Each structure stands twice: as structure tokens, then as C-alpha cells.
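Encoded as C-alpha cells, the structure appears first; notes follow it.
The values are calculated or read from the model by the stated rules, or taken from the named source; none is laboratory data. None of the values given here were measured: they were computed from a predicted structure. Note: ideal-geometry Cβ built from the backbone for every residue, glycine included; neighbour counts use all protein chains shown. In case anyone asks, the SASA skips ligands and DNA or RNA and just uses the protein heavy atoms, side chains included. Shrake-Rupley method; radii C 1.70, N 1.55, O 1.52, S 1.80 Å.
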Amino acid sequence: MSQLHVIDHPMIQHKLSILRKIGTGSKDFRELLTEISLLMGYEITRDLPLEEVEIETPICPMTAKQVSGRKLAIVPILRAGLGMVDGLLNLVPVARVGHIGLYRNEETHEPVEYYCKLPEDIQDRLVIVTDPMLATGGSAVDALSMLKARGCTHIKLMCLVGVPEGIAKVQAAHPDVDIFVAAVDDHLNENAYIVPGLGDAGDRIFGTK
Ligand code: PRP
Ligand code: URA
């Protein structure tokens, strides 16, 4: 069974509260989302393996540690997932970035695929899928299935806010994928928006409404 990690560090909670506010504009929203993504990235990368390397400091030689193992890929679900990429890239500048385009049909709330461009060697990488909103879970389930169809075996899902039904849907479809969120909200409304949530993440990031 996949693990749910709720990263409730005080600084993340504080920044998330500002980001949720209706009066927070796109510039601040983007900056806060980037900051939170970097902070969440510390937890998501906590179990990366280390190897020992011989280096020289200005004082003497020493055995130091560096990250080893699979290289990383960050795969945002367009559009809103883009808002979490820069924070992760600040942490792991050498990560490759793929893109999966999905939008929700406004009536059925089912995801519709419109784009997929991934690094050539995606199947050899640890993939972090980003999307701030885990609502019905349909978009995340489809994105994870697309990655598995390309041979990916090591995937983590990073969201900002989830709800129990969306989390359960992802866990049922992809029990091997750990889910990271900063908050688990209460429920979905009749339009499948997260309550209390933060509204439409894509529109708030890009100022489209
Ligand atoms: C939002 C959000 C997720 C999806 C979540 O995207 O960014 O991708 O909805 O909903 P779900 O869990 O019910 O699938 P949206 O379809 O609004 O597209 P956008 O990011 O381009 O605005
Ligand atoms: N997509 C969003 O952007 N917000 C929600 O609350 C649900 C889906």
C-alpha cells in the first residue's frame, strides 16, 4: 500500500495559509508555491541513497557523501503542476523535466489528455509527478498510468492539497506510489473543487481568471 505523507512543517503550513487566501495575487501565489515546493522537496528526497566519495577540502582529504542511485525527473501535470517545478529544480538543478498535459472536463470532471513529452530515459529515473490539487484523483491516476506505460517503476506524487477521496483513488490504482501533500482538506463540492481548498490552482498561478 502506498504511503501518504502529510508534510505539516510549520513554515509550510504558514505559507500555505497565505497562498489559500482569496486576496493573494498571482505573483505571491507563484512565489509561495515555489517556496513550499522546495521545502516539500526536502522530505520527498529524504530517502535518496548516498555514496561515499573521496574529496579534498582546503585543509585535508576526506571521505564525503554525495547522492547516488537513480537520477531524477520532475513531471508536472499541466498547467498547475508547473507551479511546483522551480522549487524542486532549486533543490535538484540537474533533474530533467517532462510534461503531461491533462485538463478536467468541466461537466464530467474526467481528465482529458492533450500532451505528453518525457525525457528519453524516463524509465531509468526516479520520477516526481507534481500537481498542486488532488481532487477526484482522476488526473493523477491517469498521469501515473501514462508514466508506467513508458516503463517507469519508481514514482512519487507531490501535491499541495488533497482530499480523502482523491487520495484513496490514487492509492487504489497505484498502490506502489507514495503521495506527499501539505494538507488533507475536508471534501469536494458539487463542482469537484476542494473545500476549503484554494480555488482553481491553474487560474491563480497564471492569472487566467
Ligand atoms: C486541476 C489540477 C489537477 C486537476 C485535479 O487541473 O491542477 O490537474 O484539476 O483534479 P482531479 O483530481 O479531479 O483530476 P485543471 O483540469 O483545472 O487544469 P489546469 O491545471 O490546466 O487549470
Ligand atoms: N482543480 C483545482 O484547481 N482546484 C480544485 O479545488 C480542484 C481541482
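Brief remarks follow.
- Spin-label model, THR63 to SER17: label points 7 Å out along the Cα-to-beta-carbon direction sit 4.6 nm apart.
- Applying the criteria of a DSSP loop state and at most 15 other Cβ atoms within 10 Å to the GluC sites (Glu not before Pro) of region 100-140 yields GLU106, GLU107, GLU120.
- Carbon plus sulfur fraction of accessible area for the chain, probe 1.4 Å, in percent: 54
- 0 to 90° range, to nearest 10: angle between helix 164-173 axis and the chain longest Cα axis: 60
- Remark: the GLU110-THR208 segment gains 33.2 nm on full extension, using 0.36 nm per residue and subtracting the alpha carbon distance.
- In Å², nearest 10: area of HIS5 left accessible to a 1.4 Å probe: 60
- For region 44-57, 3J(HN,Hα) computed residue by residue from phi via the Karplus equation (6.51, -1.76, 1.60; θ = phi - 60°) reads 5, 9, 4, 9, 5, x, 10, 10, 8, 9, 8, 10, 10, 8 Hz, glycine and proline entered as x.
- What the phi angles of region 28-43 give under the Karplus curve with 6.51, -1.76 and 1.60, with θ = phi - 60°, is a coupling list of 5, 4, 4, 5, 5, 5, 5, 5, 5, 5, 5, 5, 5, x, 4, 6 Hz, glycine and proline written as x.
- Antiparallel DSSP beta bridges within the chain, as percent of all bridges there, nearest 5: 40
- Structure-based [θ]222 nm, the chain - -39500 (n - 2.57) summed over DSSP H runs of at least 4, per residue, nearest 500: -9500 deg cm²/dmol
- ASP121 versus GLU56: modelled label distance in nm, points set 7 Å from Cα along the beta carbon direction: 2.9
- The residue among MET146, CYS159, PRO58 whose Cα reaches farthest toward the positive pole of the charge dipole of the chain, with charges on the beta-carbon of Lys, Arg, Asp and Glu, is PRO58.
- Area accessible to solvent at GLU31, 1.4 Å probe radius, in Å²: 80
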